[in-house]
Every structure is written in C-alpha cells, then in structure tokens.
Amino acid sequence: MSDFYFSEEPHAKSHPQQLTAELRGKTFLFTTDAGVFSKAGIDYGSRLLIETFTEPDISGSLLDIGCGYGPIGIALAASFPSRKMVMTDINQRAVRLADENAGRNHVAAEVVQGNLYEQIRGKYAAIVTNPPIRAGKAIVSRILSESVNYLDEGGELWVVIQKKQGAPSALKLLREIYGQVTVAARKKGYHVFHMKKR
C-alpha cells in the first residue's frame, strides 16, 4: 500500500523527470516523480477534464482535490488568473511537486497537504477532481458526496471518471446529491460529469 499514489508518504525511490504538455492552448512544464499518479504523462481523463471545464457562473475560488503533481489545477489557474486556485492531495511528494510546478509555470496557487477535505476551508465556485479510483470506492464516494459542503450556492462540481472504473455508480450517487447531472464530455470510455449546487 505504501507505494500507491494515494499514500501519504510514498516509499518508491524518488526519480524525478520532466514533461511538457499542451493544455488549453498553453504549454506547461511539469516535474513528476515515482509514487505519484500518472508520472509518465498527463492521463487522458485529466486532459479531458481540463479541456472540458468552463468558468463557473459565480465569482469565487477554484479547488482541485486529489491534485497529484498539479496539471489540472495549474492549467485552470493559468486560464482563469483572476480566481484563487487551491490544490490538495494526501501524497506529500505530489504536494511538493504541485507547489514547485505552479511556480515553474508562473501560476499562483495555494497547495495544501491533507486527506480529502480535511485542510480545506471556505466555499468555492467550482471543485474539480479526477478521483483516485485505486484508493477504493469509499474514498471516491466521500470526495463526491462531501463536495457539496464546500461549494457556494450556484457552485459547480466537475468530475472525470472512466466507465469501467465506476462511472455508472458515480452518476447514481451524484444524482442523489445534486439532482441534475450533465455529461459534459464522453470520450474513450471517460465521462466528465458537471453538477451545480442549487
């Protein structure tokens, strides 16, 4: 368990590497490492979420939960620089990388280490997440179900999840919580769900 990307302290020997990525029309440079999610390149689900996201209707900050080394939060912070971006992950190595990557890409972001929402304060205009499927259904369900407590009225939740990794059950849960769920994108087995707190 200790080497999984959702561990607080990954024991995998550090082996930093750099990658470049084109996201939302901008080029980013990221440092990744062993023991973090999708270290070899930005996974398709994260990329689909990044490209599908639209700015929320209400003013306020953005939250990336389970941020890994930061591609989702950093790409969105670069697109919407007037909004505060907060990024969080349980993985200490990922949090350090996300903080370094934000600076490397000249993006202002607050990066905090914590389990799920434990270090999150206040309410947000939008929450984005590519949830850690391998952490188990209970963890993913908490990320989805507790999100409503951290959204302003009119705030939005954006989730990407693969059909074979639980998209149908996630959709059922999200409908129970939010009522209406929009499938904002569906490609290569991935679904981007979009909900609004009413």
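Quick note: the coordinates plus some simple rules give every number you see, no bench work behind them. Model, not experiment: these values are computed from the prediction. Because the Cβ atoms are built from the backbone with ideal geometry, glycine has one as well, and the counts that use them run over all protein chains shown.
Only Cα pairs under 8 Å and at least 6 apart count here; give the relative contact order of the chain as a rounded whole percent.
Values: 415 pairs, mean separation 36.3, N = 198.
For the chain, the relative contact order is 18 percent.
Just how large is the dipole of the chain about the Cα centre, in debye to the nearest 20, putting +1 at every Lys and Arg Cβ and -1 at every Asp and Glu Cβ?
Dipole about the Cα centre, nearest 20: 640 debye.
Would you mind ranking 59, 82 by Cβ crowding within 10 Å, fewest neighbours first?
82, 59
Using only the alpha-carbon atoms, what does the chain span along each of its principal axes? Please give whole angstrom values in decreasing order.
If we take the Cα atoms of the chain, the spans are 44, 37, 33 Å.
Just to be sure I understand: if I project the alpha-carbon convex hull of segment 36-152 onto a plane and average over all orientations, what area do I get in nm²?
Numbers: hull surface 26.8 nm².
With every direction weighted equally, the projected area is 6.7 nm².
Here is the link list: 84/196; 84/137; 26/164; 164/187; 84/197; 26/123. Which ones come out longer than 23 Å on Cα distance? Don't jump to the answer; show the numbers that get you there.
Details: 84/196 19 Å; 84/137 30 Å; 26/164 31 Å; 164/187 13 Å; 84/197 20 Å; 26/123 28 Å.
Violating the 23 Å limit, Cα to Cα: 84/137; 26/164; 26/123.
Taking the Cβ of residue 130 as the center, what net charge do the other residues with Cβ under 10 Å away carry, scoring Lys and Arg +1 and Asp and Glu -1?
Taking every other residue near residue 130 into account, the sum is -1.
If packing is taken as the mean number of other Cβ atoms within 10 Å per residue, what is the order of 167-173, 177-183, highest first?
By packing density, highest mean first, the sequence is 167-173, 177-183.
Do the sum for the chain: with -39,500 (n - 2.57) for every DSSP H run of n ≥ 4, divided by all residues, what is the mean residue ellipticity at 222 nm, to the nearest 500 deg cm²/dmol? The partial results should precede the final answer.
Details: 5 runs with 53 residues, N = 198.
One gets -8000 deg cm²/dmol as the mean residue ellipticity at 222 nm.
Using amide H atoms built in the peptide plane, which far-off residues or other-chain residues are under 5 Å from residue 63 H to H?
The list, which skips near neighbours in sequence, is 86, 126, 127, 128.
Residue separation times 0.36 nm, minus the C-alpha to C-alpha distance between residue 20 and residue 138: what's the value?
That works out to 39.1 nm of additional length.
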